[in-house]
Amino acid sequence: MSQKARDERGRWRNKTVAFRMSEEENRILDTKVSLSGLTKQDYIIHQLLGWRIEVQANPRVYKALRKQMKEILEQLCRISDGEKIDSDLMETIWLVADTLNEVKGKNEEEVY
């Protein structure tokens with residue numbers, strides 16, 4: 001049996017679960033996965049089973065944070081005075097802030 005199909009506890013993962021998503025839902029999921037530092041499979045399993053996701057600072061998470069901050073800045077520059085901020089953009093902003101807080105540590109002052 002392949003080690004690749006085993007989880008961190010050595011359990012054999014041989015069940016496949018599939019579902020459909022819209023493009024928008026998939027984009028949101030991809031953003032959350034990239035900011036978590038987990039694989040998509042591990043992220044979905046953690047979320048579905050209610051397990052805590054602890055973000056580990058690593059180059060992949062840093063690149064994802066940098067990419068998201070660039071996209072947020074582009075969107076904020078696009079918004080004119082008096083316009084409402086899109087709910088997806090607000091969700092992304094809060095997700096980035098939460099991720100930064102998680103990476104920074106619980107004992108330090110919060111980002112927001």
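Give the whole-number value, in cubic angstrom per residue, of the convex hull volume spanned by the C-alpha atoms of region 16-55.
Details: hull volume 2.7 nm³, N = 40.
Each residue corresponds to 66 Å³ of Cα convex hull volume.
To the nearest 10 degrees, how steeply does helix 40-49 sit against the main Cα axis of the chain, on a 0 to 90 scale?
The answer is roughly 90 degrees.
Report Rg(Cα)/(2.2 N^0.38 Å) for the chain, keeping two decimals. The partial results should precede the final answer.
Numbers: Rg = 16.6 Å, N = 112, 2.2 N^0.38 = 13.2 Å.
Output field value: 1.26.
Using 28 Å as the Cα-Cα cut-off, could you pick out the over-long pairs in K15/K104; K15/K70; K32/K104; K67/K104; K40/K84? Intermediate results must be reported in sequence, preceding the final value.
Values: K15/K104 36 Å; K15/K70 38 Å; K32/K104 18 Å; K67/K104 18 Å; K40/K84 31 Å.
Violating the 28 Å limit, Cα to Cα: K15/K104; K15/K70; K40/K84.
Using the number of other C-beta atoms within 10 angstrom as an exposure proxy, rank L73, L89, L35 with the fewest first.
Exposure proxy ranking, most exposed first: L73, L89, L35.
Amide H neighbours of R6 under 5 Å, at least 5 residues apart or on other chains, H built in the peptide plane: list them.
The answer is R13.
If you put +1 on each Lys and Arg Cβ and -1 on each Asp and Glu Cβ, how big is the dipole of the chain around its Cα centre, in Debye rounded to 20?
Details: 20 positive and 20 negative charges, 190 e Å.
Value, rounded to 20: 920 debye.
Mind sorting S80, S36 by how few other Cβ atoms lie within 10 Å of their own Cβ, fewest first?
Details: S80 6, S36 23.
Lowest count first: S80, S36.
Can you tell me, using C-alpha contacts under 8 Å and at least 6 residues apart, the relative contact order of region 3-104 as a whole percent?
With pairs under 8 Å counted, the relative contact order is 24 percent.
Taken together, the values in this text are just the output of simple stated rules run on the coordinates, not laboratory data. As the structure is a prediction and not an experimental result, all values here were calculated from the model. Glycine also receives a Cβ, built like all others from the backbone with ideal geometry; neighbour counts cover every protein chain displayed.
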